[in-house]
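Visitor: Just dropping this structure here.
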Number of protein chains: 2
Amino acid sequence: MEDVKIQLSEKDIPKQWYNIAADLPNLQPPLGPNGKPITPEMLTPVFPMNIIEQEVSTKRWIDIPDEVLEILYQWRPVPLRRAIRLEKFLNTPAKIFYKDESVSPAGSHKPNTAIPQAYYNKVFGIKKITTETGAGQWGSALAYACNQFGLECKVYMVRISFDQKPFRKLMMQVWGANCIASPSDKTEFGRQILKEMPDTPGSLGIAISEAVEDAVHDKTGQTRYSLGSVLNHVMLHQTIIGLEAKKQLEMIGIKKPDIVIGCAGGGSNFAGLTFPFAADKINGADIEIIPVEPKACPTLTRGKFAYDHGDTACMTPLLAMHTLGHAFVPEAIHAGGLRYHGMAPLVCQGVVEGLFTPRAYHQLKCYESALTWARTEGFICAPETSHAIAAAIDEAVKAREEGKEKVILFNYSGHGLMDLSGYNLYMSGKLTDYELPDDILNKSLEILKDLPKPEVKKGKKE
Amino acid sequence: MEDVKIQLSEKDIPKQWYNIAADLPNLQPPLGPNGKPITPEMLTPVFPMNIIEQEVSTKRWIDIPDEVLEILYQWRPVPLRRAIRLEKFLNTPAKIFYKDESVSPAGSHKPNTAIPQAYYNKVFGIKKITTETGAGQWGSALAYACNQFGLECKVYMVRISFDQKPFRKLMMQVWGANCIASPSDKTEFGRQILKEMPDTPGSLGIAISEAVEDAVHDKTGQTRYSLGSVLNHVMLHQTIIGLEAKKQLEMIGIKKPDIVIGCAGGGSNFAGLTFPFAADKINGADIEIIPVEPKACPTLTRGKFAYDHGDTACMTPLLAMHTLGHAFVPEAIHAGGLRYHGMAPLVCQGVVEGLFTPRAYHQLKCYESALTWARTEGFICAPETSHAIAAAIDEAVKAREEGKEKVILFNYSGHGLMDLSGYNLYMSGKLTDYELPDDILNKSLEILKDLPKPEVKKGKKE
């Protein structure tokens with residue numbers, strides 16, 4: 001009998017992160033308020049310089065500090081698992097593998113970057129980190145990471161998730177962090193939003209604005225901001241997922257997967273698993289790489305590739321990315337981590353280059369897949385993760401119909417034990433599907449018309 | 001650097017369970033209503049015969065069916081982990097190891113017996129299983145197991161936990177089970193209790209009575225009852241924990257631990273880890289084995305070794321065990337799994353024989369240990385598990401004071417992600433300690449005075 005868990009030993013953990021920026025020479029630079037590429041110095045009120053250096057680096061391999069590895073060992077390397085019971089249920093000739101990122105202390109892939117970010121802030125002399133969180137995965141991961149390094153942590157949590165997931169706040173408190181609902185009355189921008197839209201469910205864009213404002217307004221100079229997705233250094237830190245997966249597939253004699261899948265909100269778990277495989281694809285390997293997003297927030301499938309702000313208050317630089325417009329407030333679907341108007345520029349450039357083929361799913365289909373998963377594999381997945389599972393199931397069924405023995409790999413980005421209220425709504429028939437109407441989308445995209453336009457270029461640099 | 005996770009490969013999983021009954025010849029038999037030892041046949045309305053055979057077996061090693069192993073592989077073998085960050089925090093020369101049972105689909109050790117129990121019921125032709133649950137760990141484990149084998153599952157959940165932990169019910173529903181608060185109006189006994197004590201928080205004893213009544217009253221003969229602790233076959237199934245741990249300690253060159261610890265409610269996670277080490281102790285090994293219970297429900301430390309019923313309605317046979325009296329309703333401490341009036345007879349006989357040295361802790365000390373754990377090791381433990389952690393910390397501190405390099409091993413029986421409301425009460429200063437007053441204890445023990453008395457015998461059989 002084949003093993004269902006492929007374990008990499010601690011000594012075989014990857015010692016370097018893979019930086020895909022080295023292989024995407026057409027990546028468009030972030031622009032400052034003057035419309036010109038920003039300089040590292042301009043980011044210093046927001047991030048410590050050691051992180052800024054990673055953000056702008058084009059070096060292909062970057063060492064993981066020993067102090068970071070020491071903490072990652074608490075749960076990494078994570079198992080590569082074979083979903084053998086799901087395969088049987090689907091009667092598919094495909095082999096379905098998944099990286100189990102749910103085993104971290106915070107229950108998702110997020111600590112993979114929270115730990116190095118807290119570390120770099122600590123060695124730079126920072127005392128406090130502010131951030132935002134959507135579903136709560138990122139906020140709890142950073143709370144955990146800050147606690148490990150003795151840093152203060154303040155989390156602005158999107159109100160809809162704050163209300164739906166009270167236990168997420170408690171998790172953050174267990175690790176000593178301060179978690180408040182966003183929009184809040186703690187920031188100028190939060191107060192402004194509350195005045196204009198007192199009943200808003202909030203959005204990641206708003207929460208980012210509040211967290212950035214909180215950090216840059218601190219007079220002591222010892223507070224910085226941290227982002228759990230979107231930016232280059234975050235994607236970099238997450239590549240440990242795919243690098244481990246490659247080693248694990250090799251251990252069982254699989255040279256390459258045919259299909260690699262991740263759900264995509266800001267892009268970090270998708271990037272983490274897929275970028276090391278995208279590197280092979282750039283070098284000619286035949287791999288289909290699929291980011292999956294909700295139809296209610298279809299950034300990659302219906303958004304515009306444009307320069308846009310990462311936050312609602314326009315405090316961040318302009319990023320070249322697929323976007324629904326920075327004022328977009330998505331419907332309250334129960335996959336809080338996928339409710340973001342933008343997407344990691346590295347992921348978007350990959351879409352421009354044809355490396356990734358995005359798709360969007362309705363939430364009922366995703367919850368159906370989540371239940372199928374729980375009733376075959378036994379584990380309860382996060383609503384975000386269910387998007388990747390839905391795609392894996394679709395691909396496995398397609399393989400059956402085509403009679404092909406494909407290798408499917410997806411990222412099991414987190415467990416759903418803090419998200420059972422969403423399951424409850426689904427099981428009681430209270431959820432409906434929602435597809436973003438064209439007129440709302442078009443109106444939301446209007447905000448982009450006066451902003452600079454990125455160049456759309458692909459292939460190797462001339 | 002030494003590994004913090006010691007992984008056993010799937011092929012090295014133990015293929016047999018260890019039955020300590022073979023090494024405890026003085027174990028007193030269960031008695032029927034007539035005061036005489038019960039026969040296997042008397043149990044047939046409650047359990048399928050293949051489980052009854054295990055219950056009464058004195059064979060030392062019992063094969064684990066392949067069909068059971070196939071499902072256990074979904075999470076087993078579980079890692080043996082070294083709590084290196086806690087060791088550093090305590091500045092102790094002791095090495096602290098723990099078996100991480102939190103990685104199962106249900107988040108605790110409970111599926112180790114839920115899976116074989118569902119399997120044996122299935123092959124016996126049973127269609128539906130009823131059970132009770134305290135903290136919800138057992139109910140969700142059985143819900144998961146029944147789902148894997150296509151069995152119907154009905155769970156009576158102690159009301160205080162049902163109210164405190166709404167997500168536990170949702171977990172059971174995700175796996176297709178029916179979960180109701182106990183006492184309920186679904187059984188004769190439940191209705192009687194509700195009439196007498198409409199505001200009762202419930203107890204395991206009451207919930208057991210309801211679940212047993214539900215099973216034996218089913219006219220189709222296709223329903224049986226399942227218990228998640230206390231009985232011999234449950235202890236048997238859990239020994240896979242300790243058997244794995246022994247192999248893992250051997251892998252890193254440790255011949256034996258000095259101290260082995262488990263929290264004890266009904267006894268199953270304690271027994272699972274410790275019985276294989278108790279076997280060595282019976283054969284002369286110097287190992288201290290410590291069951292830890294709450295001072296609010298001090299079965300082993302202040303209860304009486306007596307014949308008593310396992311449930312409140314006196315539907316179960318009389319078991320020779322430490323007990324607080326079968327009508328005992330414990331205070332609403334936030335470790336629902338440790339609120340049982342009795343204890344596994346095999347564990348109790350071990351106490352009689354001097355194999356185990358029980359101790360009791362206050363809940364504030366346990367929550368303090370849980371926070372120390374979360375803020376060093378990073379993971380959030382179940383309130384039950386915190387009792388074992390508290391003892392491990394005490395022993396590690398003692399080792400420091402004595403300057404001894406002891407090896408401490410404890411059972412990390414489950415995670416606390418569904419138990420964060422207890423943490424919240426603790427962190428907001430709303431919990432207090434409670435020690436069972438002598439007068440209440442003595443009154444509760446009076447119920448035993450007309451019941452038969454067990455023989456108190458130890459050592460090898462003459």
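The values are calculated or read from the model by the stated rules, or taken from the named source; none is laboratory data. Bear in mind that the values here come from a model prediction, so they are computed numbers and not experimental data. Using ideal geometry, Cβ is built from the backbone for each residue, glycine included, and neighbour counts are taken over all protein chains shown. When the accessible area is computed, the model is the full protein with side chains, heavy atoms only, and any ligands, DNA or RNA have been set aside. Shrake-Rupley method; radii C 1.70, N 1.55, O 1.52, S 1.80 Å.
Visitor: When you check residue B:144 against the structure, is it at pLDDT 95 or above and within 14 Å of chain A (Cβ to nearest Cβ), yes or no?
Guide: Yes: the conditions hold for residue B:144.
Visitor: Another question, then. If we keep just the residues of the stretch B:91-118 that are part of a loop (DSSP other than H, G, I, E, B) and closer than 24 Å to residue B:64 by Cβ, which is farthest from the other protein chains (Cβ to nearest Cβ)?
Guide: B:109
Visitor: Kindly establish whether residue A:178 is free of Cβ contacts under 8 Å to residues at least 40 places away in the same chain and either of a type in the set (Phe, Trp, Tyr) or within 12 Å of chain B (Cβ to nearest Cβ) (or both).
Guide: no
Visitor: Further question on the same structure: Touching a Lys or Arg at 6+ places or on another chain (Cβ under 9 Å) and within 14 Å of chain A (Cβ to nearest Cβ), is that true of residue B:46?
Guide: Judged against the criteria, residue B:46 is not a match.
Visitor: Could you list all residues from the stretch A:48-92 that are within 24 Å of residue A:15 (Cβ to Cβ), in contact with a strand residue (DSSP E or B) (Cβ under 9 Å, 6 or more places away or on another chain) and of a type in the set (A, V, I, L, M, F, W, C)?
Guide: Selection gives A:51, A:61, A:62, A:64, A:75, A:78, A:80.
Visitor: What residue, of B:235, B:172, is within 14 Å of chain A (Cβ to nearest Cβ), under 22 Å from the mean Cα position of the chain (by Cα) and not aromatic (Phe, Trp, Tyr)?
Guide: Checking each option against the conditions leaves just B:172.
Visitor: Which numbered condition trips up residue A:411, out of (1) open to solvent by 10 Å² or more (accessible area, probe 1.4 Å); (2) touching a residue at least 60 places away in the same chain (Cβ under 8 Å)?
Guide: The number of the failed condition is (1).
Visitor: Oh, and also: Test residue B:12 against the criterion of being within 14 Å of chain A (Cβ to nearest Cβ) and either open to solvent by 50 Å² or more (accessible area, probe 1.4 Å) or of a type in the set (D, E, K, R) (or both), and give yes or no.
Guide: So residue B:12 passes the test.
Visitor: Please work out which one of (1) of a type in the set (A, V, I, L, M); (2) in a loop (DSSP other than H, G, I, E, B); (3) in contact with a strand residue (DSSP E or B) (Cβ under 8 Å, 6 or more places away or on another chain) is the condition residue B:431 fails and give its number.
Guide: Here residue B:431 clears every test but (3).
Visitor: Within the stretch A:57-75, identify whether any single residue is under 30 Å from residue B:147 (Cβ atoms) and either in contact (Cβ under 8 Å) with a residue 24 or more places away in the chain or not aliphatic (A, V, I, L, M) (or both), and answer yes or no.
Guide: Yes, the stretch A:57-75 has at least one match.
Visitor: Return yes when residue B:173 is open to solvent by 20 Å² or more (accessible area, probe 1.4 Å), closer than 21 Å to residue A:426 by Cα, of a type outside the set (Lys, Arg) and out of contact with any Ser or Thr (no Cβ under 7 Å at 6 or more places or on another chain) and no when it is not.
Guide: Against the criterion (open to solvent by 20 Å² or more (accessible area, probe 1.4 Å), closer than 21 Å to residue A:426 by Cα, of a type outside the set (Lys, Arg) and out of contact with any Ser or Thr (no Cβ under 7 Å at 6 or more places or on another chain)), residue B:173 qualifies.
Visitor: Determine which member of the set B:84, B:62 is over 30 Å from residue A:104 (Cβ atoms), open to solvent by 10 Å² or more (accessible area, probe 1.4 Å) and modelled with pLDDT of 95 or more.
Guide: From the options B:84, B:62, the qualifying one is B:62.
Visitor: Still on this structure, please answer the following. Name the single residue, out of those in the stretch A:376-408 being hydrophobic (A, V, I, L, M, F, W, C) and open to solvent by 10 Å² or more (accessible area, probe 1.4 Å), that is nearest to residue B:111 (Cα to Cα).
Guide: Top of the filtered list is A:379.
Visitor: Let me confirm something: among A:160, A:71, A:126, which residue is in a helix (DSSP H, G or I) and either touching a Ser or Thr at 6+ places or on another chain (Cβ under 6 Å) or away from chain B (no Cβ under 14 Å) (or both)?
Guide: Unique residue meeting the criteria: A:160.
Visitor: Might you let me know whether the stretch B:319-339 holds any residue that is over 23 Å from residue B:34 (Cα atoms) and at pLDDT 90 or above?
Guide: Looking for residues that are over 23 Å from residue B:34 (Cα atoms) and at pLDDT 90 or above, one finds at least one in the stretch B:319-339, hence yes.
Visitor: Among the residues of the stretch B:119-131, are any farther than 19 Å from residue B:67 by Cα and touching a His at 6+ places or on another chain (Cβ under 9 Å)?
Guide: no
Visitor: Kindly list the number of the only condition in (1) within 14 Å of another protein chain (Cβ to nearest Cβ); (2) closer than 16 Å to residue B:244 by Cα; (3) not polar (S, T, N, Q) that fails for residue B:62.
Guide: The failed condition is (1).
Visitor: Within the stretch B:224-257, count every residue that is out of contact with any strand residue (DSSP E or B) (no Cβ under 7 Å at 6 or more places or on another chain) and either among the hydroxyl-bearing types (Ser, Thr, Tyr) or part of a strand (DSSP E or B) (or both).
Guide: 1
Visitor: Now, a different point. Confirm whether residue A:355 is within 14 Å of chain B (Cβ to nearest Cβ) and either modelled with pLDDT under 95 or over 24 Å from residue A:339 (Cβ atoms) (or both).
Guide: The answer is no for residue A:355.
Visitor: Still on this structure, please answer the following. Can you pull out every residue in the stretch B:187-224 that is touching a Pro at 6+ places or on another chain (Cβ under 7 Å) and under 19 Å from residue B:127 (Cβ atoms)?
Guide: Across the stretch B:187-224, the qualifying residues are B:216, B:224.
Visitor: Which condition number in (1) farther than 19 Å from residue A:245 by Cβ; (2) assigned to a helix (DSSP H, G or I) is the one that residue A:389 fails?
Guide: (1) is the only condition that residue A:389 fails.
Visitor: Next up: Return a yes/no flag: does the stretch A:22-45 have any residue that is part of a loop (DSSP other than H, G, I, E, B), within 24 Å of residue B:5 (Cα to Cα) and in contact with a Pro (Cβ under 6 Å, 6 or more places away or on another chain).
Guide: no
Visitor: Run residue B:458 past the list (1) at pLDDT 95 or above; (2) in contact with a helix residue (DSSP H, G or I) (Cβ under 9 Å, 6 or more places away or on another chain); (3) not aliphatic (A, V, I, L, M) and report the number of the one that doesn't hold.
Guide: Just one mismatch for residue B:458, condition (1).
Visitor: Which residues, taken from the stretch B:194-207, are under 15 Å from residue B:130 (Cα atoms) and open to solvent by less than 10 Å² (accessible area, probe 1.4 Å)?
Guide: Scanning the stretch B:194-207 gives B:205, B:206, B:207.
Visitor: Also, quick follow-up: With (1) open to solvent by less than 10 Å² (accessible area, probe 1.4 Å); (2) over 20 Å from residue A:420 (Cα atoms) as the list, and residue B:142 as the residue in question, which single condition is left unmet?
Guide: Condition (2) is where residue B:142 drops out.
Visitor: Tell me the residue from B:191, B:224 that is of a type outside the set (A, V, I, L, M), surrounded by fewer than 18 Cβ atoms within 10 Å (Cβ to Cβ) and at pLDDT 95 or above, please.
Guide: Being of a type outside the set (A, V, I, L, M), surrounded by fewer than 18 Cβ atoms within 10 Å (Cβ to Cβ) and at pLDDT 95 or above holds for just one of B:191, B:224, which is B:191.
Visitor: I've got another one for you. Out of all the residues in the stretch B:373-408, which are under 23 Å from residue B:165 (Cβ atoms) and either away from chain A (no Cβ under 14 Å) or of a type in the set (Val, Ile, Thr) (or both)?
Guide: Listed by number, the residues that qualify are B:380, B:384, B:385, B:387, B:388, B:389, B:390.
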